[in-house]
Amino acid sequence: MLELRNVTKTVGAQEHIRDVSLTLQHGSLNVLLGPTLSGKTSLMRLMAGLDAPTTGSVWFDGKDVTGQPVQKRNVAMVYQQF
């Protein structure tokens, strides 16, 4: 299970993600949809560990992995460009 708990991501003065909490269950199919610049990629980068949240935490199987390097996480992401 992957959880985001009250995650916010700020870059400079610009807020990319604000207070997002979600839970993704093992074996489920999850889709992020939204217009350009809505934060889809920012959320994916936070889940994969490529970026760290400004506030909040990322949990994997009940363990806080917020400060854990991307190499030690069992999460991956794939970009699809049409």
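Things worth noting here:
- Residue pairs meeting the criteria (Cβ under 8 Å; at least 6 apart or on separate chains; first free of Cβ contacts under 8 Å to residues at least 40 places away in the same chain, in the stretch 8-27; second surrounded by 13 or more Cβ atoms within 10 Å (Cβ to Cβ) and among the polar types (S, T, N, Q)): 15/8; 16/10; 16/42; 17/8; 17/42; 18/8; 19/8; 20/8
- Residue in the stretch 71-79 that is of a type in the set (Val, Ile, Thr) and either within 17 Å of residue 21 (Cβ to Cβ) or within 10 Å of the chain's Cα centre (by Cα) (or both) present: no
- Where residue 1 falls short, out of the listed (1) free of Cβ contacts under 8 Å to residues at least 24 places away in the same chain; (2) surrounded by fewer than 14 Cβ atoms within 10 Å (Cβ to Cβ): (1)
- Whichever residue in the stretch 51-82 is touching a helix residue (DSSP H, G or I) at 6+ places or on another chain (Cβ under 6 Å) and at pLDDT below 90 and, among such residues, is nearest to residue 14 (Cα to Cα): 77
- Among residues of the stretch 17-38 being at pLDDT 90 or above and within 13 Å of the chain's Cα centre (by Cα), the one that is surrounded by the most Cβ atoms within 10 Å (Cβ to Cβ) is 17.
- Matching residues, the stretch 56-70, being in contact (Cβ under 8 Å) with a residue 24 or more places away in the chain and surrounded by 13 or more Cβ atoms within 10 Å (Cβ to Cβ): 56, 57, 58, 59, 60
The values are calculated or read from the model by the stated rules, or taken from the named source; none is laboratory data. These numbers come from a predicted model, not from an experiment. Don't worry about glycine lacking a Cβ; one is built from the backbone with ideal geometry, like all the others, and counts go over all protein chains shown.
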